[in-house]
Every structure is written in C-alpha cells, then in structure tokens.
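The values are calculated or read from the model by the stated rules, or taken from the named source; none is laboratory data. Just so you know, these numbers come straight off a predicted model, no measurement behind them. All Cβ positions, glycine included, derive from the backbone under ideal geometry; neighbour counts span all protein chains shown. SASA here: full protein model, heavy atoms, side chains in, ligands and nucleic acids out. Shrake-Rupley method; radii C 1.70, N 1.55, O 1.52, S 1.80 Å.
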Amino acid sequence: MGRLVAIVGRPNVGKSTLFNRLTQTRTAIVNDTSGTTRDRQYGKVEWCGQEFSIVDTGGWVVNSEDIFEGEINKQVSIAIEEADVILFVVDVQNGTTDLDDKVAGILRRAKKPVILIANKADTNEMGYQAAEFYGMGLGDPFAISSVNGSGTGDLLDEIVKRFPEKEEEDVQLEEIPRFTIVGRPNAGKSSIVNAFIGEERNIVTNIAGTTRDSIYTRYNKFGFDFYLVDTAGIRKKAKVNEDIEYYSVLRSIRAIENSDVCILMIDATRGIEAQDVNIFSLIQKNNKGLVVCVNKWDLVEDKSQVAIKHFEDAIRSRFAPFSDFPIIFGSALTKQRIYKVLETAVEVYENRRRTVPTSQLNNYMQEVIGAYPPPANKGKYVKIKYTTMLKGAQVPTFIFFCNLPQWVKEPYRRYLENKIREKWEFSGTPVKIFMREK
C-alpha cells in the first residue's frame, strides 16, 4: 500500500517551497484568489530506496479571518484522517502565532506521527531560534531551510523512520484486475459505481480489511470479473464540514496506488479542467493504466462526430505527450456505454500484461532503427544492437542495448515507443524505454 505524507501549516511558512524541494520539482504553487479553482499539489518523493506520496495543503485565501482559521482546521482534520505522517511547518523567523498554537493543539490530540518543521532557518544562527517551538509539545523541531535545502536530508530520514511497519494483508486477493474510478468532485464517480453494482447486488461481494481505508468490491457479472477499488468517498457522502476537493485528492492518491487501471471521469458539461490534468499526472506518476470516460454525454446538445473529435483532441492535447489511451463518451445516469467502459478497462489491463517475444521484437525494431537511426552527437554514432522486453515489470518495459546510451535523447525514445505502439496493442498503458550499454 502507498504511503502518504501531508504538509500542513498556516500560509507563508514555506509549505510550497518545501514541497518543491522534497519532490525535486519546480511546480508553481499559486496562491488562490477569489474565483479561481483551488487546485492541490501532490507528487512523489524517493529517498533511500523508498517512495511515498506527498500532498501540499497550502493556498487558502479568503476574506474573513474567522473563515480562514476554520478552513485551516478543516485541512488539518482531513490530513490527520488520511495521512500516514504529517509535516507541521512553522516559520522560525516570525515565531509562534495563535494559529500555529491552535493547529498544534489539534495535532497533539491526533494519533498520527507528526514532525514539527521550523522552516526558513537559512543560517545557523536562525536555527537556534527553533528552540521556541518546543513549547508546542510536538517533539524536537527540525530546523531546515526549504530555499537552500539545509536540513532536508535529515528530515527525509526522519519521515521514512516514522512510516508504520508494513502489515500482512488480512485478505489474500485473487490475481484479477483492480479498477479505480477517479475524477474531480461532481464528475459522476458515484453515479457510475451505482450503475455498475446497482443490479443483482447479491452477486457483488465486499472484501474489507486489506488496507485501512480501501474496500475491494468483487464485480463478477456480465462476463466480467474484477475488483473495484472503492474508497469511503464512493460509498458515502463526504462530511458537510469538510473541504470536498482536497478530500477527494487524498482519496484519489490512495485509490490510484492500489489499482491496475484507472477510469478517469470527465464532466462533459464542463470540459477538461486543471483538476482533471492533475489527477491524470498522478495516474502517470504511479504508472497505472488509463481509460478516460466523458460522463454526462446525454446533457450535451451537439453530439456530432465533429464535436466528439474536437473533445477528444482537447483531452489528448492536455494530457500530451501521452496520448495513446481510449476515450469513451457515455452517461452514468442513462447507462449509455458504461459497459463499454468496463470492456475497455479489461482490454487496457490485458495490454499492461502483454509480452512480446524477443525474436519478433528484434526483427521489427531493427527495421525501425535502420529506417531512422539515432541522430549522431559530436561526430559519434549510436548503434543499437539488441532489444528485449523486461519480464515481470509493472508496465511494459523495453531495454535497448547500444554502445552510447547516454546520447539517446528523449525525442528518439518517443519515436521508438510510438513504433512499438504501432506494431503491438499497448493502448492505455505507459510504456518505458531504457537504454543500456552493450
């Protein structure tokens, strides 16, 4: 099961800078203003051979200080419920504030590992000021600087130590596909789940206890046999006093990490939005299969082929460079083409497990490489001599052995991937290309 770390704290303490530092990205965390979507940032962190997901909870801007305080408390409450480890960020330069004390009080009562981070300790002298935060009762504060990276290595060591030990699964799940339905709020996730399992419920069996917050629903009718990776957000309405969008992101992370194929729901009445792209990027980072379902197609007036083509092009352009995935237009309410969604998800699952014989792969790829060899670099020519498909990999993975692997750049890797996709059916699944020295 995936591990989840949440960053909490009041604004302007450096949460987004810390997020960028730990994920080694330059993702811009834009402060939310009135009328804009409150997108959440999440990413992957690798440290000492371990990988975990991290979520930034920052970016609240509202007019009233009272509402502001209440929204911060909502985020902290949700983070406590969902995360395995909580990073509580404070500002060593400004010291303790009333809001910091209130958040600390909530965290002290939580039964979750909390790491207190005294950020903005850009010099050694500032690091000594972190002693002020011992009064919060959350243990030793980590004096770090998200800007220059000071202390972040020790922080990552501590995060890894705080993760709970892996527990044996209570239930042994059969080797059948695991499908997860994800998407932003009000895209129709609950409706399509109800459409899937709403009939003949006696043949749907729940297997609970595998993970702390996931429920596997066995779906074995109409010739299908798979698990729907279900979360609490699908089975019951989120609490009224919780931030629905942030809650859905945390649930999506959990669900995606426990799935083989993700069915991404997009609202046809609203089109492709930033939150859809964010969830797609999370699916890509976790190397999961993808089926895009454009829901609420019954509410769209123009259903012509031109409109469908325009919608498909918009989706693929926003998800580029990965564009080889199926798109299905349907309606959970009228059950229009929802079983086509299931059929396609099964096909994507089979594509993920597809293997190509080495002899066929080499015969085809030598022709492809001969027709368009790798570009020369500084007078040196790359010679690809042998190709094989890695067995037992999570996604289809191809190894190309050559004399100068460091000179094979990303455009040529994409060329090889596209040629592989033209020859064999890998729609909906990521394909990895690696160059190794022969």
For the peptides 115-121, 354-360, 283-289, what is the packing order when you average, over each peptide's residues, the other Cβ atoms within 10 Å and list the highest mean first? 115-121, 283-289, 354-360
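Residue separation times 0.36 nm, minus the C-alpha to C-alpha distance between ALA307 and TRP47: what's the value? Provide the component values of the computation, followed by the final result.
Details: separation 260, 0.36 × 260 = 93.60 nm, distance 4.58 nm.
Answer, rounded to one decimal: 89.0 nm.
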Please turn the phi angles of segment 323-331 into ³J(HN,Hα) values with the Karplus equation 6.51 cos²θ - 1.76 cosθ + 1.60 (θ = phi - 60°), one per residue in order, whole Hz, x for glycine and proline. 10, 8, 8, x, 10, 10, 9, x, 8
What is the spin-label model distance, in nm, from VAL277 to ASP298 if the labels are put 7 Å beyond Cα along the C-beta direction? 3.2
Could you tell me what percent of the accessible area of segment 333-437 is made up of carbon and sulfur, with a 1.4 Å probe and every protein chain present? 50
Please list the non-local residues whose amide H lies under 5 Å from the amide H of ILE328, H modeled 1.01 Å from N, same-chain partners needing a gap of 5 or more. VAL292, CYS293, VAL294
I want the antiparallel fraction of DSSP beta bridges within segment 274-413, as a percent rounded to 5. 70
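Are there GluC sites (Glu not before Pro) in segment 264-368 that DSSP puts in a loop and that have at most 14 other Cβ atoms within 10 Å, and which ones?
Details: sites: GLU273, GLU301, GLU312, GLU343, GLU347, GLU350, GLU367; in loops: GLU273, GLU301.
Sites meeting the loop and neighbour criteria: GLU301.
Stretch ALA376-ASP98 to full length: gain in nm at 0.36 nm per residue minus the Cα-Cα span? Spell out each step's value before the answer.
Working: separation 278, 0.36 × 278 = 100.08 nm, distance 6.20 nm.
Going from the current span to full extension adds 93.9 nm.
Where does each of 417-426, 9-18 land if you order them by average Cβ count within 10 Å, highest first?
Numbers: 417-426: 16.9, 9-18: 21.5.
Order by mean packing, descending: 9-18, 417-426.
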What ³J(HN,Hα) values, in whole Hz, does the Karplus curve 6.51 cos²θ - 1.76 cosθ + 1.60 give for segment 270-275 when θ = phi - 60°, with x put for Gly and Pro? 10, x, 7, 10, 4, 5
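Want the number for LYS383 to ARG218: 0.36 nm per residue separation, take away the alpha-carbon distance, what's left? Numbers along the way, then the final one.
Working: separation 165, 0.36 × 165 = 59.40 nm, distance 4.91 nm.
Gain in length upon complete extension: 54.5 nm.
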Can you run phi through the Karplus equation (6.51, -1.76, 1.60; θ = phi - 60°) for segment 94-107 and list ³J(HN,Hα) in whole Hz, with x for Gly and Pro? 9, x, 6, 10, 4, 5, 4, 5, 5, 5, 4, x, 5, 5
